[in-house]
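Note sheet for the following structure.
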Amino acid sequence: MRIHYLQHVPFEGIAYIGDWAKHNDCRVTGTALYEDETFPSLDSLDCLVVMGGPMGVYDENIYNWLKPVKKFVQQAIIAGKKVLGICLGAQLIAEVLGARVYKNKWKEIGWYPVIKREPAHLSAIDQVLPAEFYAFHWHGDTFDLPHGAIHLAESKPCTHQAFIYQEKVLGLQFHLESSEASIEALIENCGAELVPESYIQDAEAIRQQYGRIAQSNALMAAVLDFLAG
């Protein structure tokens, strides 16, 4: 499988996804949007991975690449490519599919449980997702469920944690790809957000749960296996 990823900031790369791709002999290329790199031809990729970032989908006046990103993601979906969106990536997919993206009541930062929703049985990915699992989160925005999408998962502070569209397009608010290094990069670059709130863990609480990374990455592998199948 030929994977191409869109990276919005230097400190949010593909982390474990790169390890999975190497193990499965996938070709990986990327576009660093913060360096004004250009998009590839859609013919050159089988799967588009859209990563996270601290910006919002509505920040087009600040980030001049947001509109082109949305257009490219939309074209990939129309072309029938497999598309995986993580955090901001999921929000971009949701907006492209016509859903509203907006500030959630709560920021969710740290390791929190995700619960599979009953509609997940309508998709083959239901076999991949556990009934409940811990995932790493770092988001303040949320989205409405896009029309035609299947609602896969929720958490206590955030109703729409995951959805799948046409069995090829997957949006995840949470970070199954995270490694210790990628989380430390978020803490270093976005640590000002770690303030006392109901669903924000401090840096030490986050680090104390690094033992969850292996299980999280194993679920990421299962999700990627599903998309590659």
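The values are calculated or read from the model by the stated rules, or taken from the named source; none is laboratory data. Since the structure is predicted, the reported quantities are computational estimates derived from the model, not experimental observations. Neighbour counts run over all protein chains shown; Cβ positions are idealised from the backbone, glycine included.
Counted as qualifying within region 4-109 are the strands (runs of 3 or more DSSP E) with 3 or more residues that are more than 19 Å from PHE226 (Cβ to Cβ) and either at pLDDT below 95 or not polar (S, T, N, Q) (or both), namely 27-32.
Just one residue in the set ALA90, ALA124 is closer than 18 Å to PHE174 by Cα and of a type in the set (A, V, I, L, M); that residue is ALA90. Residues in region 20-43 that are at negative phi and surrounded by fewer than 11 Cβ atoms within 10 Å (Cβ to Cβ): LYS22, HIS23, GLU35, THR38, SER41, ASP43.
With respect to LYS156, is the statement that it is farther than 24 Å from VAL9 by Cα, of a type outside the set (Asp, Glu) and surrounded by fewer than 18 Cβ atoms within 10 Å (Cβ to Cβ) true? For LYS156, the condition - farther than 24 Å from VAL9 by Cα, of a type outside the set (Asp, Glu) and surrounded by fewer than 18 Cβ atoms within 10 Å (Cβ to Cβ) - is met. Among residues that are outside any loop (DSSP other than H, G, I, E, B), under 14 Å from the mean Cα position of the chain (by Cα), surrounded by 15 or more Cβ atoms within 10 Å (Cβ to Cβ) and of a type in the set (A, V, I, L, M, F, W, C), LEU219 is included. Answer yes or no: is there a residue in region 166-175 that is crowded, with 21+ Cβ neighbours inside 10 Å, in a strand (DSSP E or B) and small (Gly, Ala, Ser). Checked region 166-175: at least one residue is crowded, with 21+ Cβ neighbours inside 10 Å, in a strand (DSSP E or B) and small (Gly, Ala, Ser).
Please enumerate the residues belonging to region 123-138 that are in contact with a strand residue (DSSP E or B) (Cβ under 6 Å, 6 or more places away or on another chain) and surrounded by 13 or more Cβ atoms within 10 Å (Cβ to Cβ). Before the answer, list the steps.
The initial filter retains those residues of region 123-138 that are in contact with a strand residue (DSSP E or B) (Cβ under 6 Å, 6 or more places away or on another chain), namely 123, 125, 129, 131-138.
Of everything in region 123-138, those that are in contact with a strand residue (DSSP E or B) (Cβ under 6 Å, 6 or more places away or on another chain) and surrounded by 13 or more Cβ atoms within 10 Å (Cβ to Cβ) turn out to be SER123, ILE125, LEU129, PHE133, TYR134, ALA135, PHE136, HIS137, TRP138.
Evaluation of THR29 against the conditions (1) under 18 Å from the mean Cα position of the chain (by Cα); (2) within 24 Å of ILE150 (Cα to Cα) shows that the sole unmet condition is (2).
Residues that are within 21 Å of ILE183 (Cβ to Cβ) and touching an Asp or Glu at 6+ places or on another chain (Cβ under 7 Å) within region 57-91 comprise ILE86, GLN91, listed in sequence order.
Tell me, yes or no, whether region 4-25 has at least one residue that is over 24 Å from VAL223 (Cα atoms), free of Cβ contacts under 8 Å to residues at least 24 places away in the same chain and not charged (D, E, K, R). No, that holds for no residue.
Condition check ((1) crowded, with 20+ Cβ neighbours inside 10 Å; (2) touching a Phe, Trp or Tyr at 6+ places or on another chain (Cβ under 6 Å)) across all residues:
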{"residue": "GLN75", "(1), (2)": "no, no"}
{"residue": "ILE78", "(1), (2)": "no, no"}
{"residue": "ALA94", "(1), (2)": "yes, yes"}
{"residue": "GLY98", "(1), (2)": "no, no"}
{"residue": "TRP106", "(1), (2)": "no, yes"}
{"residue": "TRP111", "(1), (2)": "yes, yes"}
{"residue": "PRO119", "(1), (2)": "no, no"}
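For every residue, the table says whether it meets (1) in contact (Cβ under 8 Å) with a residue 24 or more places away in the chain; (2) within 18 Å of the chain's Cα centre (by Cα).
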position: SER41; (1), (2): no, no
position: PRO54; (1), (2): yes, yes
position: VAL73; (1), (2): yes, yes
position: LEU88; (1), (2): yes, yes
position: ILE93; (1), (2): yes, yes
position: VAL101; (1), (2): yes, yes
position: GLU118; (1), (2): no, no
position: ALA124; (1), (2): yes, no
position: ALA135; (1), (2): yes, yes
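Name the residues in region 176-192 that are among the small types (Gly, Ala, Ser) and not in a loop (DSSP other than H, G, I, E, B), would you?
Hits for region 176-192 are ALA181, SER182, ALA185, GLY191, ALA192.
Filtering SER198, SER182 for residues that are within 26 Å of ALA228 (Cα to Cα) and among the polar types (S, T, N, Q) leaves a single hit, SER182.
GLY85 meets all of the listed conditions (1) more than 21 Å from ALA218 (Cα to Cα); (2) surrounded by 15 or more Cβ atoms within 10 Å (Cβ to Cβ); (3) not aromatic (Phe, Trp, Tyr) but one, namely (1). In this structure, SER216 does satisfy being at pLDDT 95 or above and under 28 Å from ILE125 (Cα atoms).
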